[in-house]
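*Asks:* Below you'll find the structure I mean.
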Amino acid sequence: MKNYCNETSSMEDNGSVDTKSPVENGQLPDPSNWGVADVVNYFKATGFEEQATAFQDQEIDGKSLLLMTRNDVLTGLSIKLGPALKIYEYHVKPLQTQHLKSNAS
């Protein structure tokens, strides 16, 4: 199981939800080999403790996470819209982009 203690934080001044992004060696981790527990722990570590259970309930592992669309996150996980948007834009999409870039080289 991954340990996400090396975190960078980007807290906005307006008091919104913290959008921490765990990093490994200055880069986002590659979730392609994560199990469901790793995905859940990632979202717990990024400040989405309550929403992390939705990934557990839907059995989303790393490969599934990399295949998720915006619509999947917004409607398929039964998460409130605000947190779902942040999860997709600040976490799922960047993880997918990082994975594609690392596999393209």
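The values are calculated or read from the model by the stated rules, or taken from the named source; none is laboratory data. Predicted model, so just to flag it, every value in this text is computed and none were measured. Note: ideal-geometry Cβ built from the backbone for every residue, glycine included; neighbour counts use all protein chains shown. Protein only, heavy atoms only, side chains kept; ligands, DNA and RNA dropped before computing areas. Shrake-Rupley method; radii C 1.70, N 1.55, O 1.52, S 1.80 Å.
*Asks:* Quick one: pull the percent of accessible area on segment 36-104 belonging to carbon and sulfur, 1.4 Å probe, ligands and nucleic acids left out. Before the final figure, lay out the partial values.
*Replies:* Values: 1840 of 3660 Å².
Within segment 36-104, the accessible surface is 50 percent carbon and sulfur.
*Asks:* Taking the radius of gyration and the Kirkwood hydrodynamic radius from Cα positions alone, what is the Rg/Rh ratio for segment 32-105, to two decimal places? Can you show the working numbers first?
*Replies:* On the way: Rg = 11.5 Å, Rh = 12.2 Å.
That ratio is 0.94, to two decimals.
*Asks:* Further question: Place +1 on the Cβ of every Lys and Arg and -1 on the Cβ of every Asp and Glu in segment 36-104, take the dipole about the Cα centre, and give the residue among 98, 74, 84 whose Cα lies farthest towards its positive end.
*Replies:* Result: 98, furthest along the dipole toward the positive end.
*Asks:* Say R0 is 22 Å: what FRET efficiency, to the nearest 0.05, do residue 56 and residue 98 get from their beta-carbon distance?
*Replies:* On the way: r = 23 Å, r/R0 = 1.04.
Calculated value: 0.45.
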